[in-house]
Amino acid sequence: MSRPQPLSGFPELLPRQRIVEQQVVEHLGRVFELHGFANIQTRAIEPLDQLLSKGETSKEVYVLRRLQADADGGDAGLGLHFDLTVPFARYVLENSGKLNFPFRRYQIQPCWRGERPQEGRYREFWQADIDVIDQGELPAHYEVEVALVIADALRGLPIPPVRMHVNNRKLSQGFYQGVGIEDTEAALRIIDKLDKIGPDAVAKLLVDEVKASPEQAEACLNLASISASDTSFVGDIRALGVTNDLLEEGLTELAAVVEAANEAAPGFVVADMKIARGLDYYTGTVYETVMEGYESLGSICSGGRYDKLASDGKNTYPGVGLSIGISRILVPLLQAGKLDATREVPTCVLVAVANEDERSNANALAQRLRRRGVPTQVSPSAAKFGKQIKFADKRGIPFVLFANEEGTQIKDIRSGDQETIDVDQWDPPVQDLYARIVTG
RNA sequence: GUGGGCGUAGUUCAGCUGGUAGAACGCUUGGUUGUGGUCCAGGAGGUCGCGGGUUCAAGUCCCGUCGUUCACCCCA
């Protein structure tokens, strides 16, 4: 067993798959920047106490320790970040004096969680995260805006259709208060399991764990069953006859998000009262996004509003943001062959070498193409031309350039067409200049 | 962490109730005297995950171990 085995949960891509990932990341960054989000990077590690205070997920934090650290000496208490929101909140507090608010940023980096891997769940994975964070108060319209940025970003990708399910925690918790349930946080976590375990099991959990009466449990399930792609859910919820101030606040906020989103990106957002989110720092709007045909992956893009995540005691910095699970989307699609690249190298032209004495001429030709922006490489050996063409073919390089006393000829190896060209004039068709993503 | 499936060639897999290892694809050489892909003929490549046990004999049965995968948990 001398050949290394892959490490479960740490996916590594082959060159042609990486080309797909690279272009997806570039696309996302471009869209985020079109919407005025600035890019930042944060370090891979955070102090453990920072990570551990933010909910259940933190139990899966990878801890960092120097090999040389003495056995008895306490380690520094560092861990790899498990998302990009918590590091961002820390970054905002640390740099609050140097940032201008409202601050909008995007971040595309790997995250680590020590969970058992599964399809769409990895121990090292990439997230693309956008957030808007303000000082003191965060206007509600940002809850619409971040959703629309994501709509723009995801709809521009060659992936199956996606739909964003939105809820508001005030709405749910206000409703639970209104029916007389005390531990509304716990009720939320239980309702979040509805899709997985079904209504009967949820009702039982509500009765057992938050001491709900069967009637209260049924009211919660009635609420959770409501969903709509327009603001009609408001009427449906009012019809349940529960009154509560927090509920009203949530209704107003959610209605605003759904209405504005429908106007700007019809069909993208649906109000769904069973969305709750496991992370406990969310305080208002919460989002989950599913990809058509890949519902079993769970949410491929989630987030929400957090009013108290970033606070230094004096100032609080409420924010709202969403994270796209790049690995969760891409790795399954790549493995299923639904996404691929047109070639596995950036090279557009391979310059053939007739014999080794001609190599410097071939290098010079290649350099002339490169100067004009055409990715070019020179054949590794002066093998038979058939072999050199095969070299290009196996990598998906579309063109081979031949040179002799009479001039230079370019061959499109897909069609077999070959023509005499001037290397200082010739351009490949735009679609062949760079590798492209193709869907299968 | 708990429970189930699976580890055989580069890859995907076959190998019956135990009898000293097979296919397809890929790779490679030639047919093709410097232009690939098709076709034809040849070739290389495996300590059957690892360790132990049962047996005259183990890829096959048993135990352990490691890896992997699925479900639970949780989430991107």
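Select, from A:E185, A:E143, the only residue that is part of a helix (DSSP H, G or I), within 13 Å of RNA strand B (Cβ to nearest atom) and in contact (Cβ under 8 Å) with a residue 24 or more places away in the chain.
None of the others qualify; the one that does is A:E185.
Among the residues of region A:358-380, which ones are within 19 Å of A:R395 (Cα to Cα) and within 14 Å of RNA strand B (Cβ to nearest atom)?
A:V378, A:S379, A:P380
Could you count how many residues in region A:396-432 are hydroxyl-bearing (S, T, Y) and closer than 18 Å to A:R359 by Cα?
Counting residues in region A:396-432 that are hydroxyl-bearing (S, T, Y) and closer than 18 Å to A:R359 by Cα gives 1.
Does region A:225-234 include one or more residues that are part of a helix (DSSP H, G or I) and among the charged types (D, E, K, R)?
No, region A:225-234 has no match at all.
Is one or more of the residues making up region A:116-134 within 19 Å of the chain's Cα centre (by Cα) and free of Cβ contacts under 8 Å to residues at least 60 places away in the same chain?
The answer is yes, given that some residue of region A:116-134 is within 19 Å of the chain's Cα centre (by Cα) and free of Cβ contacts under 8 Å to residues at least 60 places away in the same chain.
Within region A:358-440, which strands (runs of 3 or more DSSP E) (wholly inside it) include 3 or more residues that are hydrophobic (A, V, I, L, M, F, W, C) and modelled with pLDDT of 95 or more?
Fully inside region A:358-440 and qualifying: A:399-404.
Go through (1) farther than 30 Å from A:P161 by Cβ; (2) in contact with a Leu (Cβ under 8 Å, 6 or more places away or on another chain) for A:V438 and report which single condition fails.
Unmet condition: (1).
Give me a count of the residues in region A:1-21 that are more than 16 Å from RNA strand B (Cβ to nearest atom) and surrounded by fewer than 16 Cβ atoms within 10 Å (Cβ to Cβ).
1
Being surrounded by fewer than 15 Cβ atoms within 10 Å (Cβ to Cβ) and either of a type in the set (V, I, T) or assigned to a helix (DSSP H, G or I) (or both) is the filter here; which residues of region A:235-247 pass it?
A:G235, A:R238, A:T243, A:D245
Find the strands (runs of 3 or more DSSP E) located wholly in region A:263-357 whose residues include 2 or more that are more than 14 Å from RNA strand B (Cβ to nearest atom) and at pLDDT 90 or above, and list them.
Output list reads A:269-272, A:316-325, A:339-341.
Of the conditions (1) touching a helix residue (DSSP H, G or I) at 6+ places or on another chain (Cβ under 9 Å); (2) surrounded by fewer than 22 Cβ atoms within 10 Å (Cβ to Cβ), A:G337 clears all except one; give me its number.
Of (1) touching a helix residue (DSSP H, G or I) at 6+ places or on another chain (Cβ under 9 Å); (2) surrounded by fewer than 22 Cβ atoms within 10 Å (Cβ to Cβ), only one is false for A:G337: (1).
Based on what the data block shows, is A:Y176 out of contact with any Gly (no Cβ under 6 Å at 6 or more places or on another chain), buried (at least 18 other Cβ atoms within 10 Å of the Cβ) and at pLDDT 90 or above?
Yes, satisfied.
Which of (1) on the phi > 0 side of the Ramachandran plot; (2) part of a helix (DSSP H, G or I) is the odd one out, the single condition A:G250 does not satisfy?
(1)
Can you find a residue in region A:33-43 that is assigned to a strand (DSSP E or B), of a type in the set (D, E, K, R), in contact with a helix residue (DSSP H, G or I) (Cβ under 9 Å, 6 or more places away or on another chain) and modelled with pLDDT of 85 or more?
No, there is no match, as no residue in region A:33-43 is assigned to a strand (DSSP E or B), of a type in the set (D, E, K, R), in contact with a helix residue (DSSP H, G or I) (Cβ under 9 Å, 6 or more places away or on another chain) and modelled with pLDDT of 85 or more.
Using the structure shown, decide if A:R169 is in contact with a Gly (Cβ under 7 Å, 6 or more places away or on another chain), of a type outside the set (S, T, Y) and at pLDDT 90 or above.
yes
A:W126 is checked against (1) within 14 Å of RNA strand B (Cβ to nearest atom); (2) part of a helix (DSSP H, G or I); (3) surrounded by 21 or more Cβ atoms within 10 Å (Cβ to Cβ) and fails just one. What number does that condition carry?
Exception for A:W126: condition (2).
Of the residues that sit in region A:404-419 and are in contact (Cβ under 8 Å) with a residue 24 or more places away in the chain and under 46 Å from the mean Cα position of the chain (by Cα), which one is nearest to RNA strand B (Cβ to nearest atom)?
A:I413
For region A:58-72, enumerate the residues that are among the polar types (S, T, N, Q) and either at pLDDT below 65 or not assigned by TED's automatic domain parsing to the domain that holds A:A44 (or both).
A:S58
The values are calculated or read from the model by the stated rules, or taken from the named source; none is laboratory data. All of these numbers come straight from a predicted model, not from anything done at the bench. Ideal geometry is used to build each Cβ from the backbone, glycine not excepted, and the neighbour counts take in all protein chains shown.
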